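Below is one structure, written out as structure tokens; the observations come after it.
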Amino acid sequence: MSTYDPTSMEGVPVQARERIEQMRRGLFTSDLSVNEFLLVRHAGFDPLGLVVGSSIYHIGIQIAGWKQSQEMGVLSQAMYGARELAMTRMEEEADQLGADGIVGVRLDIGRYEWGENLAEFIAIGTAVKHREGVLHRAPNGRPFTSDLSGQDFWTLLNTGYRPVGMVMGSCVYHVAHQGMLQAMKQAGRNVEMPNFTQALYEARELAMERMQKEAEDLQAQGIVGVQLQEKSHGWGSHIIEFFAVGTAVIPSEGGHAIPPPSPVLSLNDR
């Protein structure tokens, strides 16, 4: 787990410090669309600037048995730790701008030819601050983070909830290979593959459980916008990362009356 320091600029290049200083003087940057920008502003928040966190991580090696389904603990920890570093650095940049939170957060992974076992983990979002100074930070004192779109962020606030943090869970799992004899017995038949079913089931549950634990640590009431991603990251067909991510939310003070839904006629060609 990375250490959070709201005053830290360690590892931030000179150009990034100059960019942050420029945004402090009033020039904001944002990756929000025009519609998202409008709705975030309508919700009472002003964009302060695009904030970024990056971590290039060496992913270790772990060998699993050919016929053994198991979590690859070394790889799970690497994938989780690298994302946490990137998120922490992004939040520290937001703190430098005096932000209440970060909306539209994206977590990406980049692989490069010059490092077979290296991966860059990048967290990007738009830092925002409430126009009237209403406290919207997470219970742990850090800026809130959310991967919701500007539209969903506005809708969430108008239904009496607010985001407290992006929560995630990771599990890298080795799925055992099927034995030759078993493959021959099942040839030409419709039959469940229980070893594969159980392995994938368990891996997903581990990722979801870890995401929910993060939400509990943030004292959240629930998680919205959950996505469950499956990727191999070049490890091979039998090693898969299951990554669960969503936005933890709590009720807003005072609550809101939820407006009734109204029909909308789209004028788009498609």
Subset of the range 43-77 (residues that are modelled with pLDDT under 85, of a type in the set (A, V, I, L, M) and touching a strand residue (DSSP E or B) at 6+ places or on another chain (Cβ under 6 Å)) = 56, 59, 64, 72, 75
query = Can you find even one residue in the range 2-19 that is modelled with pLDDT under 90 and under 20 Å from residue 244 (Cβ atoms)?
reply = yes
key: Pairs with Cβ under 8 Å, 6+ apart, first in the range 86-98 and outside any helix (DSSP H, G or I), second surrounded by fewer than 24 Cβ atoms within 10 Å (Cβ to Cβ) and of a type in the set (Lys, Arg)   = 97/24; 97/129; 98/129
Members of the range 106-156 found to be assigned to a loop (DSSP other than H, G, I, E, B), of a type in the set (Gly, Ala, Ser) and under 14 Å from the mean Cα position of the chain (by Cα), listed by number = 146, 149
message = I'm trying to understand the selection: among the residues of the range 191-229, which are under 16 Å from the mean Cα position of the chain (by Cα), of a type in the set (Asp, Glu) and surrounded by 14 or more Cβ atoms within 10 Å (Cβ to Cβ)?
response = 214
request  = Quick one: count up the residues across the range 230-270 that are surrounded by fewer than 12 Cβ atoms within 10 Å (Cβ to Cβ), at pLDDT below 75 and within 27 Å of residue 142 (Cβ to Cβ).
outcome  = 2
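The values are calculated or read from the model by the stated rules, or taken from the named source; none is laboratory data. Because the structure is a prediction, the values reported are computed rather than measured. Here the Cβ is made from the backbone with ideal geometry for all residues, glycine too, and neighbour counts use every protein chain on show.
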